[in-house]
Amino acid sequence: MNMSVGWVFFYLLVFPGFLFTSVVGLLYTWVDRKVTARIQFRVGPPLLQPFYDFFKLLGKDTFVPEGAPRSIFLGAPLIGLASVSVLSTVLLVSNLFPGQAFAGDLIVVLYLFAFVPIVLILGASSSSNPISALGASREMSLYLAYELPLLFALATIIVKSGGLLKIGDLLQWQWTNHPFLYSASGALAFVSAFLCMQAKLGFVPFDIAEAEQEIMGGITLEYSGPVLAVLKLTKAMLYFTVSIFLTVFFWGGFRSPREGWYHILGWLKPLAIIVLIILIKNTNPRLRIDQALRFFWSIVLVLSIAGFILATVGL
């Protein structure tokens, strides 16, 4: 693939990278708050409220805790933001331009997804706050719990497609045959991956690392001002990226090779996934960390392994 440096920077910084993902991610958080408010019989915030909150934080002061290594404490959120920007770019470019996908981009996506919890753990651990350290330990335990089922879910679609490792090829396979979600093995893999993504976002019932009512925000407790704004923006961008991830790998992507209404309806798939995430978030209590570990290492892991086995026999 030959691509000029200018186009690479355009993809990373404007569309479909940082700027596009930031705007859509913040709009997704508005959808989250609005749907949550309706479920609770409230009106909810205005459309631009997430943007107001973000720019308000940019005008606040940033405080570095005494004894915290400044470079790690302030650098970790920036690394997380950069990783999500690259991640969204890879997923969106692969869907919009399947021919520009590169070999092994699926492996790159997995590595980039791992960066977000890792930098949160690093930042919280460096804050010299025992409550933040507790949040970091919970985040680490949760990450180790959901990562294995997620790998089995992705292995399922790789086996079902005949060993394809390029996102563009996986999309072409779904366009030629059917979305992985429409098979028994693909459906089990989707459910497993969906639950893992709910935990990766840190949403109820897996908001254990923040748990504001218990540990006052946990991993984000010591962050303030622009650095806290970066953390919140990263989570908003991850919100959008997770919906794209599930759509691309299990639901045939949002861009269909068919003409007409299929293109428009395809863009509604990520939004449908977000609404499902919101409904689960608002209808379940928070799990304890031991309950979450048992849940992922028993129920979710069994589902993902069952999907993998069904894929090996062609179901």
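Annotation note: of G99, G135, G80, the sole residue that is in contact (Cβ under 8 Å) with a residue 60 or more places away in the chain, part of a helix (DSSP H, G or I), out of contact with any Asp or Glu (no Cβ under 8 Å at 6 or more places or on another chain) and crowded, with 24+ Cβ neighbours inside 10 Å is G80. Of Q291, Q213, all but one fail to be more than 21 Å from L144 (Cα to Cα), without any contact (Cβ under 8 Å) to a residue 40 or more places away in the chain, of a type outside the set (A, V, I, L, M, F, W, C) and assigned to a helix (DSSP H, G or I); the exception is Q213. Across the range 200-247, the number of residues qualifying as over 25 Å from F51 (Cβ atoms) and within 13 Å of the chain's Cα centre (by Cα) comes to 1.
Selection over the range 211-220 of residues that are touching an Asp or Glu at 6+ places or on another chain (Cβ under 9 Å) and at negative phi gives a count of 2. With respect to the stated conditions, E210 is touching a Gly at 6+ places or on another chain (Cβ under 8 Å) and either under 29 Å from A133 (Cα atoms) or modelled with pLDDT of 90 or more (or both).
Screening Y182 with (1) buried (at least 18 other Cβ atoms within 10 Å of the Cβ); (2) aromatic (F, W, Y); (3) under 21 Å from K269 (Cβ atoms) gives one miss only, at (1).
Each row is one residue, and each column tells you yes or no for (1) within 29 Å of N284 (Cα to Cα); (2) hydroxyl-bearing (S, T, Y); (3) touching a helix residue (DSSP H, G or I) at 6+ places or on another chain (Cβ under 6 Å).
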{"residue": "Y146", "(1), (2), (3)": "yes, yes, yes"}
{"residue": "L154", "(1), (2), (3)": "yes, no, no"}
{"residue": "I167", "(1), (2), (3)": "no, no, yes"}
{"residue": "F203", "(1), (2), (3)": "yes, no, yes"}
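Can you find, within the range 299-315, the residue that is nearest to the chain's Cα centre (by Cα) among those that are surrounded by 14 or more Cβ atoms within 10 Å (Cβ to Cβ) and closer than 13 Å to I157 by Cβ? For the range 299-315, the residue satisfying everything is S304. Screening the candidates T36, T21, T62, T89 for the property of being touching a residue at least 24 places away in the same chain (Cβ under 8 Å), part of a loop (DSSP other than H, G, I, E, B) and surrounded by 14 or more Cβ atoms within 10 Å (Cβ to Cβ) yields one hit, T62. The listed residues are L151, L144, and the only one of them that is of a type in the set (A, V, I, L, M), at pLDDT 90 or above, closer than 25 Å to F254 by Cβ and within 19 Å of the chain's Cα centre (by Cα) turns out to be L151. Filtered by the rule that a residue be of a type in the set (S, T, Y) and more than 19 Å from the chain's Cα centre (by Cα), the range 171-193 gives T176, Y182, S183, S185.
Please verify whether L231 is modelled with pLDDT of 95 or more and either surrounded by 14 or more Cβ atoms within 10 Å (Cβ to Cβ) or under 30 Å from S71 (Cα atoms) (or both), treating the condition exactly as stated. So L231 does not fit the description; no.
The values are calculated or read from the model by the stated rules, or taken from the named source; none is laboratory data. Please read these numbers as outputs of a predicted model, since none were measured by experiment. Ideal geometry is used to build each Cβ from the backbone, glycine not excepted, and the neighbour counts take in all protein chains shown.
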